[in-house]
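Engineer: This is the structure I have questions about; it appears just below.
Any read-out appearing in this document is the output of simple, stated calculations on the displayed coordinates, not a laboratory observation. For clarity, every value in this text was computed on a predicted model and none was experimentally measured. Don't worry about glycine lacking a Cβ; one is built from the backbone with ideal geometry, like all the others, and counts go over all protein chains shown.
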Amino acid sequence: MKVVAIGGGTGLSNLLRGLKELVPDYIEDLSAIVTVADNGGSSGRLREEMGIPAPGDVRNCIVALAEDEDILTKVFQYRFQEGEGLKGHSFGNLFLTVLTKITGNFLDAIETTSDILKIKGRIIPSTDENVDIVAKFSDGKIIKGETQITEYGKKLIAKIEKIWLEPEDVKAPAEAIEKILNADLIILGPGSLYTSIIPNLLVKEISTALVKSKAVKIYISNVMTQYGETDDYTVSDHIKAIEKTVGKHFIDYVIVNTKLPPNEVLERYIKEHAEPVVIDAANISKMGIKIYSDDLLDEGSYARHNPEKLNKMFIKIFNDIKSSTKVING
């Protein structure tokens, strides 16, 4: 299988950490297309001061695909706790910034860093241009910036009605389009709907290629809703938001988790105004989307997917795809 994963944040890096274990036995070619619209923390400071795309999500995905989580990988994830101008910065973000300035190209910086860490796949930004997310809320307020959108949403004054990029006409790297068009399987999510997944799809060339691609397209639904972004969203609501962005129905399968987090974890999330995403199977089926469901929950203090459990699900899906292809081809 040639597999492309699209997203950003913790969700994508966690997914990639699992998928790399399926290379090369099940996955012959693995690529990740990553959002660069983050404007908070270290990434936000480097964007503003150095005029480069946000490196944070790209860095996390590179580390996730590294063959071994050795000392060099830990160095790339090291975050300075002190030092004037350094405090809060990740070493990996600084490294990518320096390479971008030396080579004059963000894509070359990613490739060099990937070679150093010997990653099992390719990391490609959805655009190598500096870009911001802009959202219009139902109260008419227009908010610019990923961090600002999330914070405004948490006020629960209004919901996101429309979201776009500034500038709107940013280009996608040619390799990103090539990978999408040649993929056998394309995975969206898990991750923040409006600030990790959809920003990639707002790059028009990405959306066009996604619809044109003959790959099987899968959405991995989040375990919990996200305060200020997807309050009260069901699984089908997440899918509708994604397909509305692209402008066409294109998702074939959805993967959903069926197990609730432990009570102490669930109570903490509820206090933070998040709740388990409801699996509205009837609505999903009406959309012509096949549901793959199981206990996919990771252990620990966060309601996240377990990479090993997801891998078992993907192996089942790979086999189903191969079987259906054989039937079609006779």
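Engineer: If R₀ is 35 angstrom, what is the calculated FRET efficiency for the pair Asp70 and His249, using the beta carbon separation as r and rounding to 0.05?
Structural biologist: Efficiency, rounded to the nearest 0.05: 0.20.
Engineer: Give, as a single signed number, the net charge of other residues whose beta carbon lies under 10 Å from the beta carbon of Glu28, with Lys and Arg counted +1 and Asp and Glu -1.
Structural biologist: Once all neighbours under 10 Å are counted, the net charge is -2.
Engineer: Length gain on complete extension for the stretch Lys155 to Glu48, per 0.36 nm per residue less the alpha carbon to alpha carbon distance?
Structural biologist: This chain segment gains 35.9 nm when fully extended.
Engineer: Okay, moving on. Nothing charged except the Cβ atoms of Lys and Arg (+1) and of Asp and Glu (-1): what's the magnitude of the dipole of the chain about its Cα centre? Round to the nearest 20 debye.
Structural biologist: It works out to roughly 700 debye.
Engineer: Using the Cα centre of the chain as origin and beta-carbon charges of +1 (Lys, Arg) and -1 (Asp, Glu), tell me which of Val98, Thr73, Ser114 is placed farthest towards the positive end of the dipole.
Structural biologist: Going by the charge dipole, the pick is Ser114.
Engineer: Checking a compactness column here: for the chain, what do you get for Rg(Cα) / (2.2 N^0.38 Å), N being the number of residues?
Structural biologist: Taking the Cα Rg and dividing by 2.2 N^0.38 Å, one obtains 0.96.
Engineer: For the stretch 36-125, what class follows from the C-alpha gyration tensor (a ≥ b ≥ c being the square roots of its eigenvalues): rounded when a/c is under 1.5, otherwise prolate if a/b is larger than b/c, else oblate?
Structural biologist: Here the stretch 36-125 falls in the oblate category.
Engineer: Measure up Lys87/Lys162; Lys240/Lys271; Lys2/Lys309; Lys120/Lys217; Lys120/Lys141; Lys162/Lys286 against 31 Å on the Cα-Cα distance and list the ones that go over.
Structural biologist: In this structure, Lys87/Lys162; Lys120/Lys141 lie more than 31 Å apart at Cα.
Engineer: What FRET efficiency, computed as 1/(1 + (r/R0)^6) with R0 = 35 Å and r the Cβ-Cβ distance, is obtained for Ser293 and Leu181, rounded to the nearest 0.05?
Structural biologist: 0.75
Engineer: Here's a follow-up. Counting DSSP beta bridges in the chain, what percent are antiparallel, to the nearest 5?
Structural biologist: 30
Engineer: To continue, here is another question. Antiparallel DSSP bridges in the stretch 132-252: what percent, to the nearest 5?
Structural biologist: 70
Engineer: I would also like to ask the following. Given the rule -39500 (n - 2.57) for each run of at least 4 DSSP H residues, summed and divided by the residues of the chain, what is its mean residue ellipticity at 222 nm, to the nearest 500 deg cm²/dmol?
Structural biologist: Value at 222 nm, helices only: -12500 deg cm²/dmol.
Engineer: Once fully extended, how much extra length lies between Asn283 and Asn105, figured as 0.36 nm per residue of separation less the alpha-carbon to alpha-carbon distance?
Structural biologist: 59.6 nm
Engineer: Counting alpha carbon pairs within less than 8 Å and at least 6 residues apart, what relative contact order, in whole percent, applies to the chain?
Structural biologist: Relative contact order here is 18 percent.
Engineer: Also: Taking square-rooted eigenvalues a ≥ b ≥ c of the alpha carbon gyration tensor, is the stretch 184-326 rounded, prolate or oblate, where a/c under 1.5 means rounded and, failing that, a/b exceeding b/c means prolate?
Structural biologist: The shape class here is oblate.
Engineer: How long is the gain from Lys144 to Phe80 if the chain were fully straight, where each residue apart is worth 0.36 nm and the alpha carbon distance is subtracted?
Structural biologist: Using 0.36 nm per residue and subtracting the Cα-Cα distance, I get 20.2 nm.
Engineer: Rounded if a/c is under 1.5, else prolate if a/b is larger than b/c, else oblate: which is the stretch 1-154, with a ≥ b ≥ c the root eigenvalues of its Cα gyration tensor?
Structural biologist: It is oblate, given that a/c is not under 1.5 and a/b is not larger than b/c.
Engineer: Would you please give the FRET efficiency between Asp169 and Lys240, computed as 1/(1 + (r/R0)^6) with r the Cβ-Cβ distance and R0 = 41 Å, to the nearest 0.05?
Structural biologist: FRET efficiency, Asp169 to Lys240: 0.95.
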